[in-house]
Amino acid sequence: MFIDSHAHLDSPRYDEDRDTMLSRAWAAGVRTVLSIGIGDGPDTMHRALEISRAYAGRPDTPRIFASAGVHPHEAQLADAAALSRLDGLLQQPEVIACGEIGLDYFYDHSPRDTQKEVFLQQMEIAAVRRRPIIIHCRPSENSTNAWDDTLTIIEQEWAPKGLGGILHCFTGEWQHAKRAMDCGFLISFAGNITFPKAQPLRDVAAKVPLDWMLVETDAPFLAPVPNRGKRNEPAWVVGVAEKLAEIRHLASQEVAFRTAENFHRFFNIAQYMAH
């Protein structure tokens, strides 16, 4: 049983074959997907929830949970109406996390001060609604400044809440993973761990305790080798698990089981399934 802990199922790139794409995931052994609710911006962050509800109870597709949040790219669009919309979405039982939120200093689509302000505002809403957060962090070239800023904010403003979160599509160094785990964050690895030049990332993956690890696709982005460059999809989370298994000298089934167990425990999935 595999769990894809981060996929953008509402992407228009799936509009023509979403049903068959999810059927392929089921056939590959993927039983749960967390559909990330950032949409194309705040006005469409509800689409992940709509997909979760549309596929609820279908026999041959994964169980789909949802998140909701304003990506740092669109932080400058996070007005009062957008934050109110986020608050409403986080009250829905299928929406189990706030995200992806955080800081992106690589593209700087929104001013950095605005990104930080909106990051803090969303954390406040998530804390009230008792939802963990999913972090997007992308530093500028040749600098770890986004990691330093993100982790300092988490340590000062979020860790005291005791709700934890996920560092999605982790690309940082061991020190960043360690600081995040000390704040109750799981470390999620994506298809880029299979890329030829990703040895430093694989070195970190060898050190992260298996109990603190998740796997994801970030689909439709970052398809793992040998499908790099193609549209990614949840079925290919198997390739991420296989690479982690190779790195840690384990069977891929062991990585699948343990990361699924981590996901269920962290989100208290039994509670949601009972609901």
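Every read-out reported here was derived from the displayed coordinates using simple, explicitly stated rules and does not represent laboratory data. All figures in this text were calculated on a predicted structure; none of them were measured in a lab. Virtual Cβ from ideal backbone geometry, glycine too; neighbours counted across all protein chains shown.
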Original post:
Can you list, bin by bin at 5 Å, the percent of alpha carbon pairs in segment 2-274, starting at 0?
Top reply: 1, 6, 14, 19, 21, 18, 13, 7, 1, 0
**OP:** Return the FRET efficiency for the residue pair residue 23, residue 56: r is the Cβ-Cβ distance, R0 is 22 Å, and the value is rounded to the nearest 0.05.
**Re:** 0.90
Original post:
What is the Cα centroid distance between segment 49-125 and segment 179-211, reported in whole angstrom?
Top reply: 23 Å
Original post:
Cα gyration tensor of segment 204-275, axes a ≥ b ≥ c as square roots of the eigenvalues: rounded (a/c below 1.5), prolate (a/b > b/c) or oblate?
Top reply: oblate
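Based on the Cα atoms of segment 8-117, what semi-axes does the equivalent ellipsoid have, where each is the square root of 5 times one gyration tensor eigenvalue, given in whole Å with the largest first?
Numbers: eigenvalues 154, 44, 24 Å².
That gives 28, 15, 11 Å for the three semi-axes.
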**OP:** Within the set of other residues whose C-beta is less than 13 Å from the C-beta of residue 132, count the net charge using Lys and Arg as +1 and Asp and Glu as -1.
**Re:** +4
Subject >> Assigned charges on the beta-carbon of Lys, Arg, Asp, Glu; segment 121-262 dipole about Cα centre (debye) >> reply: 260 debye
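What does the extension gain come out to for residue 13 and residue 113, with contour length at 0.36 nm per residue minus their alpha carbon separation? Each step should come with its number before you reach the end.
Numbers: separation 100, 0.36 × 100 = 36.00 nm, distance 3.19 nm.
Working it through step by step, the gained length comes to 32.8 nm.
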Original post:
Going highest first, how would you order 13-21, 93-101 by mean Cβ packing within 10 Å?
Top reply: 93-101, 13-21
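Is there a quick way to get the dipole size of the chain? I mean about its Cα centre, with the Cβ of Lys and Arg at +1 and of Asp and Glu at -1; what is the value in debye to the nearest 20?
Values: 28 positive and 36 negative charges, 155 e Å.
Computed charge dipole of the chain: roughly 740 debye.
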Original post:
Got a sec? Charge dipole of segment 2-274, +1 on Cβ for Lys and Arg, -1 for Asp and Glu; which of 136, 180, 99 is way out at the positive end?
Top reply: 180
Original post:
So if we plug the beta-carbon distance of residue 80 and residue 178 into 1/(1 + (r/R0)^6) with R0 = 30 Å, what FRET efficiency do we get, rounded to 0.05?
Top reply: 0.20
Subject >> Charge context of residue 226, other residues only, Cβ under 12 angstrom, K/R +1, D/E -1 >> reply: +2
Subject >> Efficiency of FRET between residue 130 and residue 264 - r from beta-carbon atoms, R0 25 angstrom, step 0.05 >> reply: 0.90
